[in-house]
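Peer 1: My questions all concern the structure below.
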């Protein structure tokens, strides 16, 4: 594996999920693989789960880690090719990425969207430039439009907790929030859950349609109650508008997930990627009862990252001299 | 050992001090203990000594470390149960702590008091919530009311430097400062020094009485000169008022420790936990002469932390499913 | 080696360059040397290359590393001896340095100049105080006036890429910038390149003369074109005025390095220490073509640091109790 930025970067989701579940049983069985290898972990944005779970995953494999908080510890980066850099930016991403590539064997990077300019965000400008110039395997720790390590951990969690006697119904339901959030977790969940043998339904208010590159062939409804009916897993997540990009169109109905709504389900298990705004997105009692999978999802983040790192370390990878964008993200949703 | 947040968490102070002094002689003798174990180190507040000495202690034992600067690198935390999180806080401590517990084998945390609300600070709300939810052994790196690793290092330092022919006199003397500081170092020093075979005296100006849960049975005076008489160790430390909580009642006398005052002692050795406001709390010449123990105290912080980590790693600990507050801090000083 | 802050700290530049080039071929061959040794890395200022390459160098040698971002994670430091610390500074450098010395086996520190007070900057007040009090080997990660690890990496790069049939011509040419920068990289480059068998020329506009302690016996011109003629290596770097200290005297000619200017050279290779203001200091096409050595310089930073660390680890060093300033920096340029 050379990149892990979208499900399109991997050959087989099933195999990677199985690999991650196996590593959970034997976290230290491959600690020779990372000997004398360095993982660079770059944060353009804050992080708790990702920061700790990625370091832990690397350490489990015997890798060294170096963490770089770009906004605090480094320089302001320039992203525009050909820019005359006489303003606030101190270093071009092409230099920063290339330099980091010379120091690290694998690079993991978090770069959130601006939510101002849809075309720019959905072109994954920052991530792709980083990939283009660093010349090393790259793992997304959540980019402008996708969060694949979260989705891999989510798939592990569904696999571990699914009913054995039937195809489960999985509902992704929009939740209220106080500020505009990216669509990345929702987009990514769609990419991954579509590869699983489940019935998948998305519920969201009018105006909150996701990019249809991700939701093609998925049942979508604006009626949350209808979606929740007989659900086995309820994944709660806020996102801002894709259509009127980055805005929060007014919602009249109550989309806060509560006990009444949950009673419509088939005694469903609750999922959320965290951090969660308690009693705004979901009420406390649902987050804290024994049908809540939120901590299991968080725990699985370690083994999701470890599975990806393991496959990268095992590949006798050869980054082509001329970079080719392997994902089709750059083309997404810009028409 | 399951928690290290107060002297009440340990069985025997003498044994732990001896353990720490032994580790100082053989820092790398137990580097197998920490193999494949991760220490999470969480800072809600700045730190120099604690940051470096805790990492070093863990590395000496072969542990991996992950450091999290919460205010800079993570999210603003919510501490109130049942809060409707529609304000500035992004994640509830119950989720953050629980997630960190899944990633770490032991967690060390620094969380200073607000100095605004005595009841809240002395209930150790943040620390106890963290302990309640993280489900892993927890080490305090200075909480709202106590700083036990500092005190353990201080006890080591007294043990190493005490006179052999008599019971030493130890004086804790208040010192001036330009802003209100916590009572934590002073409270903790009382807890620990009371277990030692020493004569212990506290000197402070009127209005600076410490919580009497810590000072019961201790000789207390408002006359610094009287306290210093024949002292063997002089521990200098500022704290703000406990009675008129967090304020700095006016002090007319000169409490800056200088050569004249020190001449009243029995050629005493000087102690301070650092950082010290030079020439405000103590004059330079006393800090820099060969009777100053300040660097020895700082050095001992490594082995204090290492002794605690070692005992935690050796315990085949079992955190009860239902959390019980083992310390009596929550009850302290609230009457 | 006890200190690495200037070329005057080392016995033989040739040997150290060779050592670094050998480590590049066998980065992990000495990983036993750093076992149970701790490198403290202290940043008073932001850093990317230095942060990552220094950690990597230490890890290659099997050392533990602890990183301290002083301005963000620690306390504001006092640098004046005898100060009554009743202001904003929380800890005196003599205490902070001494404490860090007790925790670390080697300390690396970055401390930029103020560019306000030449005498203070050129006395290397911060670095020398740190060295004086920490009582451990110290590596400069760029001080007020010098950047020796950069220069060592630069010498490696010249060595690897020099013509074999003749003595190369090396030109250090001033470049435009939008704000005042230190003279450290230029000063240091002079110190080191003067030990090499090359023809060395410095080109800068009027008003940008460097301190002549560094430029003695060097050909200096205010005519960039003349300097570039037949050059084999062109090192581009901005610096602010040394004479009218920290200012940016007006420059009428165009000093931006472009293709036309480069065509005057002997098909020269381009050098820059990064970060570079693209199209302000040098145009893109020169930075991105295959005669650009900028990434090779950055890569060599790892092995430069590793060579210095290796020699320090190998020395059974003994820091004298009474600190002696071995470099002559303190005397520099103050007459």
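Since every read-out is calculated from the coordinates, none of them should be taken as a lab result. All figures in this text were calculated on a predicted structure; none of them were measured in a lab. Neighbour counts run over all protein chains shown; Cβ positions are idealised from the backbone, glycine included.
Peer 1: Using only the alpha-carbon atoms, how far is helix C:184-193 inclined from the longest principal axis of chain C? Give it as 0 to 90 degrees, nearest 10.
Peer 2: 70 degrees
Peer 1: I want to verify a result. In a Gaussian network model of chain C, Cα cutoff 10 Å, which of these has the top mean-square fluctuation: C:38, C:164, C:221?
Peer 2: Among C:38, C:164, C:221, the largest GNM mean-square fluctuation belongs to C:164.
Peer 1: Describe numerically, in nm with one decimal, the distance between label points set 7 Å from Cα along Cα→Cβ at residue B:26 and at residue B:250.
Peer 2: 6.0 nm
Peer 1: Would you mind computing the Rg to Rh ratio of the range B:68-165 from its alpha-carbon coordinates, Kirkwood style for Rh?
Peer 2: 1.09
Peer 1: Additional query: Report, in whole Å, the centroid distance computed from the Cα atoms of the range C:113-146 and the range A:238-254.
Peer 2: So the separation of the two Cα centres works out to 54 Å.
Peer 1: Relative contact order for the range A:150-297 using alpha-carbon pairs under 8 Å, separation at least 6, rounded to a whole percent?
Peer 2: About 28 percent, as a whole number.
Peer 1: Taking 0.36 nm per residue of sequence separation and subtracting the Cα-Cα distance, how much length would be gained by fully extending the chain between residue C:161 and residue C:206, in nm to one decimal?
Peer 2: Gain on extension, residue C:161 to residue C:206, equals 13.1 nm.
Peer 1: Now a separate question. Taking a point 7 Å out from Cα toward Cβ as the label site, list the nm distances between residue B:117 and the same residue in every other copy, smallest first.
Peer 2: Between copies, matching label points for residue B:117 lie 4.4, 4.4 nm apart.
Peer 1: For the range B:136-205, what mean projected area does the convex hull of the alpha carbons give, in nm²?
Peer 2: Quarter of the Cα hull surface area: 6.0 nm².
Peer 1: Starting from one equal scatterer on each C-alpha and no solvent at all, send me the Debye-based log10 I(q)/I(0) for the range A:1-127 at q = 0.10 Å⁻¹, two decimals.
Peer 2: Taken in order of the listed q values, log10 I(q)/I(0) reads -0.40.
Peer 1: With the alpha-carbon atoms as the only input, what is the per residue convex hull volume for the range A:150-297 in Å³?
Peer 2: Spread over its residues, the Cα hull of the range A:150-297 gives 99 Å³ apiece.
Peer 1: Between Rg and the Kirkwood Rh of chain A, both from Cα atoms, what is the Rg to Rh ratio?
Peer 2: 0.96
Peer 1: Quick one: label points 7 angstrom along Cα→Cβ at residue B:212, distances to the other copies in nm, smallest first?
Peer 2: Nearest to farthest, the other copies are at 7.7, 7.7 nm.
Peer 1: Moving to a separate point now. Suppose the chain between residue C:8 and residue C:284 were pulled fully straight at 0.36 nm per residue; how much longer would it get relative to their current alpha carbon spacing?
Peer 2: Working it through step by step, the gained length comes to 95.8 nm.
Peer 1: Label-to-label distances across copies for residue A:82, with labels 7 Å out along Cα→Cβ, in nm, shortest first?
Peer 2: Nearest first, the other copies' label points are 6.2, 6.2 nm away.
Peer 1: How tilted is helix B:125-134 with respect to the longest principal axis of chain B? Cα atoms for both, answer in degrees (0 to 90, nearest 10).
Peer 2: 40 degrees
Peer 1: Distances longer than 16 Å among the Cα atoms of the range B:87-133: what percent of all pairs is that?
Peer 2: Percentage above 16 Å: 46.
Peer 1: If I model the protein assembly as shown as equal point scatterers sitting on the Cα atoms and use the Debye formula, what is log10 I(q)/I(0) at q = 0.08 Å⁻¹?
Peer 2: Log-scaled intensity ratios, in q order: -0.87.
Peer 1: Based on the mean of other Cβ atoms within 10 Å per residue, sort peptides B:183-190, C:289-296 so the most packed one is first.
Peer 2: Descending mean neighbour count gives B:183-190, C:289-296.
Peer 1: Between C:107, C:42, C:139, which gets the highest mean-square fluctuation from a Gaussian network model of chain C, Cα cutoff 10 Å?
Peer 2: Sorting by GNM fluctuation, first place goes to C:42.
Peer 1: Still on this model: Which whole-number percent is the relative contact order of the range B:1-115 (Cα, under 8 Å, 6+ apart)?
Peer 2: The normalised contact order for the range B:1-115 reaches 29 percent.
Peer 1: Ignore the peptide's own chain and count Cβ atoms of other chains within 10 Å of each Cβ in A:47-60; give me the average, rounded.
Peer 2: 5
Peer 1: Relative to the longest principal axis of the C-alpha atoms of chain C, give the angle of the C-alpha long axis of helix C:49-60, reported between 0 and 90° and rounded to the nearest 10°.
Peer 2: The two axes meet at around 60 degrees.
Peer 1: Pop the C-beta distance of residue B:216 and residue A:291 into the FRET formula with R0 = 56 Å and round what comes out to the nearest 0.05.
Peer 2: With R0 = 56 Å, the Cβ-Cβ based efficiency is 0.70.
Peer 1: Sequence gap at least 6, Cα distance under 8 Å: using those rules, report the relative contact order of chain A to the nearest whole percent.
Peer 2: 22 percent
Peer 1: Between residue B:258 and residue A:45, what FRET efficiency follows from the Cβ-Cβ distance if R0 is 60 Å, with the result rounded to 0.05?
Peer 2: 0.75
Peer 1: Starting from 0.36 nm per residue, how many nanometres of slack lie between residue C:315 and residue C:266 once their C-alpha separation is accounted for?
Peer 2: Length difference between fully extended and current span is 13.4 nm.
Peer 1: Here is a follow-up. Take the alpha-carbon centre of the range A:12-37, take the same for the range B:161-193, and report the distance between them in whole Å.
Peer 2: 51 Å
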